[in-house]
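Shown next, in structure tokens, is the structure this report addresses.
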Amino acid sequence: MTRTNDRPWMMRTYSWHSSADASNELYRTNLAKGQTGLSVAFDLPTQTGYDPDSAMSKGEVGKVGVPVAHLGHMRSLLDQIPPGQMNTSMTINATAAWLLALYVANAEEQGVSPAELRGTTQNDIVKEYLSRGTYIFPPGPSRRLIVDMVAWCAEHAPLWNPMNVCSYHLQEAGATPEQEIAYSMATAIGVLDAVRDSGQVSPEQFTQVFGSISFFVHAGIRFVEEVCKLRAMTDMWEQIGRERYGVTDAKALRFRYGVQVNSLGLTEAQPENNVQRIVLEMLAVTLSKRARARSVQLPAWNEALGLPRPWDQQWSLRMQQVLAFETDLLEYDDIFDGSTVIEARTDELRTAAQAELDDVLSMGGAFEAVETLKSRLVTSMAARTRRIETGEQIVVGVNDFVETAESPLGGDEAILKVDPAIERRLAADIADWRSARDRSAIDAAIAELRRAAESGDNVMPASIALARAGGTTGEWGDVMRSVFGEYRAPTGVSGATGSAEGLGEVVDFVKSMAGGPPKFLVAKPGLDGHSNGAEQIAVAARDSGMEVVYSGIRSTPEQIAASARDEDPDVIGLSILSGSHLDLVPDVLGHLTDMGVEAPVIVGGIIPEDDRPRLAEMGIAAVYTPKDFELAKIMRDVADLAITHRAP
């Protein structure tokens, strides 16, 4: 019997380097190795609308992605990569309209019209409020920007996916499969309803708009359940299209999604185990033909340690290539059709997710219910954290099977480190860029962008004009902040359901402390928005009986010190996952000293082992990384530090 193989999925690696030039070299190297699409990660200043020389960017430039502050950087980033031929995914949300404007302006310089561009902007702001934290504006204006992009793309760039509804970070923030399905579907509905009601898209165009909405999902280690989750999402998306929006075109009704497997589930302890985790999680999104991913990007085995090397990314790419080109997977129809186990679990997930979705819609929708959804995720994450701490949920090499031989993959050379001089170079670069521009053209373009934002006109034409004129990420962000204002999303901590499970001894100890329970200030300096760890520490401290002060993400070092001065905590905890700890911690400590705060400071985050001595020399009392999963031990450490601090 002759079989016709299916086409492989698009193969990507989520990659960057510390500058546009270095990232371009990495991209072209990966493409030469067989990667078939680009996936661009941007640094935090770019994601949150700041230029590299902004005070808010200190310590963050080039750390978790590539800095793109102006059209010159976009030119360098995509040098020798034909925009009309490449499919580019950009993980960008609050500033998505601006990055798409730069992408369009760069393509037009090469004679490529927007109608020829293929790719995706993530552009899912709800999940930023709920999990990842790179939001800028309130929900209403943020949705308006998404609607503008969807409408502009429908008219001018029909091959571009203007929104990639992202359930990935929801699971990383604690979402159960039912919550992950429901909250992502609710987000898509919130945007599609707004597009339909905006008057910018005709009824005849709406099928095209529905078909342009794609998803970016999470694939965790429970890969059988993940297969069922994706089959459920496939069915639910088609049902939403038919019943809510009247879409009948079979192609437009397809559930089109890309995937990254679980990065935050990768472990710092015995990191070699991450290789098999990545492979198993890849199977979840490729085995079922009916629910197979359209694109797959795999993390590197050592991402829990730091920035992966090109060889590490090549290893992840080769995993995809072996599955697609050496195995017989693509020769068969869906191998799960008819499986009573798969179909039963799929039905269970679909029913539970529909009930959760109906509940969200009854509250007005995802945009309107951000605070409630955030509290639910923090509660779910607390339950997951406790399961790992108690051993109910096994993580090999972390809470069981911890005995290990020394790994030959370790050592100081196992990760790349960002050159600290990159921030100074980028600050000088943008100063030169500004000085070479036509100031009158910039002023006119900024004025037009402000007019469009204030009047309700679509902001994409004015954003593209500003990109062409030489505007910067910070200038675009400043205009939008002045018109729309800034937003602080709920932390979810106060509304999270409490549980003292596993904390009993700490609770008793805290009750017995002379002077009463300790006051614990938890803070996140810098632009890092990954708040899961800080939230779980805050919840555990609260459930241990401590008084907790936590105001959420993106506090400046001066704000943290001022809060410590006013609150007089017994212990201060800093959470930093962006790799900027060596820049931000000294800054916080300096402000604490200036304000007369003497409380001990502890630090948690993605911190390489060789940075621990440097933090200790600064006066940091303790350092915690993802391998320190025992919350009860951390809480006891905090209580002991409080006692020491209170001692005369």
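What follows is calculated from the coordinates using simple rules that are stated; it is not laboratory data. Just so it is clear, the structure is predicted and the values come from calculations on it, not from any experiment. Because the Cβ atoms are built from the backbone with ideal geometry, glycine has one as well, and the counts that use them run over all protein chains shown.
Brief remarks on what is shown
- Net charge contributed by nearby residues that have their C-beta within less than 14 Å of N274 (K/R +1, D/E -1): -3
- In order along the stretch 120-132, the phi-based Karplus estimate (6.51 cos²θ - 1.76 cosθ + 1.60, θ = phi - 60°) of 3J(HN,Hα) comes to 8, 10, 4, 6, 10, 7, 4, 5, 5, 5, 8, 8, 9 Hz; Gly and Pro are listed as x.
- Mean shadow area of the stretch 87-234, taken as a quarter of the surface of its Cα convex hull (nm²): 8.9 nm²
- Peptides 128-136, 20-28, 508-516 ranked from most to least packed, by the mean per-residue count of other Cβ atoms within 10 Å: 128-136, 20-28, 508-516.
- Evaluating 6.51 cos²θ - 1.76 cosθ + 1.60 at θ = phi - 60° for every residue in the stretch 148-156, the Karplus couplings come out as 4, 5, 4, 5, 5, 5, 4, 8, 10 Hz, glycine and proline recorded as x.
- Å³ per residue enclosed by the Cα convex hull of the chain: 162 Å³
- With a cut-off of 12 Å between beta carbons, the residues surrounding W237 carry a summed charge of +3, where Lys and Arg count +1 and Asp and Glu -1.
- The slack in the chain from R222 to A32, taken as 0.36 nm per residue of separation less the alpha-carbon distance, amounts to 65.1 nm.
- Amide H contacts of V548: F520, each under 5 Å away and 5 or more positions distant or on a separate chain (H built 1.01 Å from N in the peptide plane; Pro and chain starts excluded).
- The GluC sites (Glu not before Pro) of the stretch 442-533 include none that DSSP puts in a loop with a beta carbon having at most 11 other beta carbons within 10 Å.
- Which of T327, P461, P608, positive extreme of dipole for the chain (C-beta unit charges): P461
- Between E609 and S512, full extension at 0.36 nm per residue minus the direct alpha carbon distance yields a gain of 31.4 nm.
- In the calculated pair-distance distribution of the stretch 192-298, the portion above 16 angstrom amounts to 61 percent of the Cα-Cα pairs.
- Segment L409..H156, full-extension length gain: 86.2 nm, with 0.36 nm per residue of separation and the alpha-carbon distance subtracted.
- Cα-only Debye scattering, the stretch 1-151: base-10 log of I(q)/I(0) at q = 0.12 Å⁻¹: -0.52
- Straight-line cross-link reach from K417 at under 18 Å between alpha-carbon atoms covers these aspartates and glutamates, not counting any fewer than eight positions away in the same chain: D21, E25, D43, E60, E268, E303, D312, D528, D583, E609, D610, D611.
- Here the label points at E598 and R118, each 7 Å from Cα along the C-beta direction, are separated by 6.6 nm in the simple model.
- Subset of K63/K289; K374/K511; K251/K374; K229/K251; K524/K633 violating a 28 Å alpha-carbon distance limit: K63/K289; K374/K511; K251/K374
- Shape parameters for the stretch 473-546, alpha-carbon atoms, Rg then Dmax in Å: 17.8, 54
- Measuring how big the stretch 119-194 is from its alpha-carbon positions, Rg and Dmax come out at 12.5, 38 Å.
- With the convex hull of its Cα atoms as the shape, the stretch 273-357 has an orientation-averaged projected area of 7.7 nm².
- Spacing of the modelled spin labels on R437 and E486, each 7 Å from Cα toward Cβ, amounts to 2.0 nm.
- For the stretch 103-119, 3J(HN,Hα) per residue [Karplus equation, 6.51 cos²θ - 1.76 cosθ + 1.60, θ = phi - 60°, Hz, x = Gly/Pro]: 5, 5, 4, 5, 5, 5, 4, 9, x, 9, 7, x, 5, 8, 7, 10, x
- FRET E, pair E272, A444, Förster distance 60 Å, beta-carbon r, rounded to 0.05: 0.60
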